[in-house]
Every structure is written in C-alpha cells, then in structure tokens.
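All remarks here apply to the structure that follows.
A short reminder: the numbers here are calculations on the coordinates, not readings from a lab. Values in this document were obtained by computation on a predicted structure and should not be read as measured data. Quick reminder, even Gly has a Cβ in these numbers, built from the backbone with ideal geometry, and neighbours come from all protein chains shown.
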C-alpha cells in the first residue's frame, strides 16, 4: 500500500465505505415505499433503497459520486461531458459512458427513458420540483448545494438526505465527520497566529459564469475563511456589492490595498496576465508581484462547487501563508488524502496535470 493510501485509510474508519463502484447493479425487488422530507420540507414518497437514480442540475451528480452511488446512476446530463477535468469525472470516467438525459437540467423524455426510481435535483424550488415530479411521474428530491465557506451545514444536510434515501447514512456521517475534522484542523493551526504576523491576502480572477480578470474577487472566499486569513477584500461594502460569487473592485483599490500575497483563480489567469503586463502599473506597484508572492489556485467552481478542490486549496493557502504552522503538510499527500475520502481514489497525479498550484513570475 502506498503512502497516499495509508494516509487516507488512517483517517477513514471503514475503507469499504470510501471505495465507490461504477459496475452495473443487478435489479433487486423493491420494498414498501417510504416517505422522506427533502431540503425544502417536501414530503416525497419513493421506493426504499432505490436502484436507479439520476442527478439534475449543478452539483447533483457530484453529490451522488461523493456518496459512493456511481453504480446506481442511470444517466447523466450532456453538460457533464464537458467536465472531464472535474475530480469526480477523473475518478469515475465511466459516468460519461452512461446515457445522456438532456442538456443542463435534463430533458423529461430522456430522463424517463432511463427509468430512474428517483431524481435528485439541486438549484430548484418547491414549485419547480413539484412540476418535474408531475410531468415525469418520478419522485423528485430537492437538495441544497451551498457555498461551503458560509453554509457547510446545508451541505451536510443534503448528504444526510441522500444517505437516508439510499441506505448510505453511515457514508454521509463519515464524509461529514471528515470535512468537519479537516476544517477544525485548519482553524486550529491558524486561529492562534497573531494578526500582526499574518500576511494580507487577495484572490483575483474569480469566475462568474466565465473567466474574469484580477478585479474579480470574493470577500468570503472559503479557503480564506477556513485559514483565518486577512483578506483585504473584507473591506468591501457587502450590502452594496456582494453576490454569492463575489464582487468587482477597481484596479486602483487593489493597488491601495497592496496585499502581501495574491492568489489567482486559474480560470482567469490569461486575463490576469493581460492586466499585469498592460503598461506595468500593477507589476511596478504591487508588492506581491515584485516579491514573487503570487500563485494560481485550481478553480473549484465548475458546474457548481467542487468541494474537495475547495478543501485542497485551503491547505495550499494555509501552507503558503503560514509555512511554520503547516510544516508537516505535503500538499500532494494531503490532496490525495482528500480525493480518496471524497471519491475513493488518490487521483492527484491525474488531476494536477489539468489543474496546478503555480508560483507566477512577472520579472523582466
């Protein structure tokens, strides 16, 4: 057993819970229907321990992969085909060989053609879920898919709902416990550091539906929250400018803040390069650029939040800001641990060929 497997299994109480299987499952007889309450409090009647399922809208399929349910997925949205750089697809490329059930959000006829016992749906409403259920005749379970930084409890609730329906309650508890332990570890390593000794930080290039430049930032960037970072964008008036994805600032404001360390969401790197190389004002003014303390972070927003990527980024951010507090942490080993817990496979080597942590240099 290699070092990555040893690390992951030392944390996880039952290895079998963490190793998803994507082999087709043989049909079994259904037991009596059960009634569950979804994220919106809707009462949904569905078969006990359903055999065939689908996930609709951003993040739904990802949650099913986290819950070790690849073997029960009956079809996937066409939009998933464009996500072969997402960790759950890298870990389980077999998902893309399943029948497609329409574009983003699915197509009712195609969904019914794969004969699912239940539909798990994110980014929906009571009326929307009710309408889908009425049109397809298939039970629809609404799930919340939050930004982890401010609403991890909603993520845990969605995992528990899936666990209750799919007889995976132990898996839901195991994954919830691991995430909580990781966040507590990050907090404990960083909460006692004197503010005067903390570097100021900034995240730029945050995507909003498409690539954005260095002025696109996030006051509540989860890796900064988890590591008690001094985010200069905390000064933004959230009442006026805030959205879930983030805010835009002026170039002049960034130069005024002049953070010690700058992180760049990799999705916006080309635009950020243009910002920095255009006229030289930023390169000449920003301390982080002059001292070489500017780094890329893998994008964690791709068809909603890839939670394992957000968590991996948090460890990289923590180690970059406070190297002494994270001296015992290897990012490669930690990433493989996280990927194994979430997706059952230590796929860091495959993942990092598509996403990487880079130190950027703009010196001439």
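Descriptive notes on the structure:
- Rounded FRET efficiency, nearest 0.05, which uses the C-beta distance separating residue 197 from residue 96 and R0 of 51 Å: 0.60
- Going through (1) 23; (2) 19; (3) 9, the figure that equals percent of Cα pairs over 39 Å apart as computed for the structure here is (2).
- The helix-only estimate of mean residue ellipticity at 222 nm for the chain, built from DSSP H runs of length n ≥ 4 each weighted as -39500 (n - 2.57), is -11500 deg cm²/dmol after division by the residue total.
- Rounded to 10°, Cα long-axis angle of helix 148-166 versus longest principal axis of the chain: 20
- Among 257, 351, the ranking by other beta carbons within 10 Å of each residue's beta carbon, starting with the fewest, stands as 257, 351.
- Grouping the Cα pair distances of the range 268-364 into 10 Å bins from zero gives a pair-distance distribution of 14, 40, 30, 14, 2 percent in increasing distance order.
- Exposure proxy ranking for 53, 161, based on other Cβ atoms within 10 angstrom of each Cβ and starting from the fewest, stands as 161, 53.
- Nearest-0.05 FRET efficiency for residue 273 and residue 250, computed from C-beta distance (R0 22 Å): 0.70
- Considered as an equivalent ellipsoid built on the Cα gyration tensor, the range 249-297 has semi-axes of 15, 13, 11 Å, the largest given first.
- Diffusion coefficient, µm² s⁻¹, Stokes-Einstein with Kirkwood Rh over alpha-carbon pairs of the range 31-166 at 4 °C and 1.567 mPa s: 87
- Residue of 334, 230, 134 that the Gaussian network model of the chain assigns the largest fluctuation, springs spanning Cα pairs under 10 Å: 134
- Residue of 304, 151, 207 that the Gaussian network model of the chain assigns the largest fluctuation, springs spanning Cα pairs under 10 Å: 151
- The range 62-126 shape via C-alpha gyration tensor axes, a/c threshold 1.5: rounded
- Between 214, 36, 347, the residue with the greatest mean-square fluctuation in the GNM of the chain (Cα pairs under 10 Å linked by springs) is 36.
- For the peptides 192-199, 274-281, the ranking by mean Cβ contacts within 10 Å, running from highest to lowest, is 274-281, 192-199.
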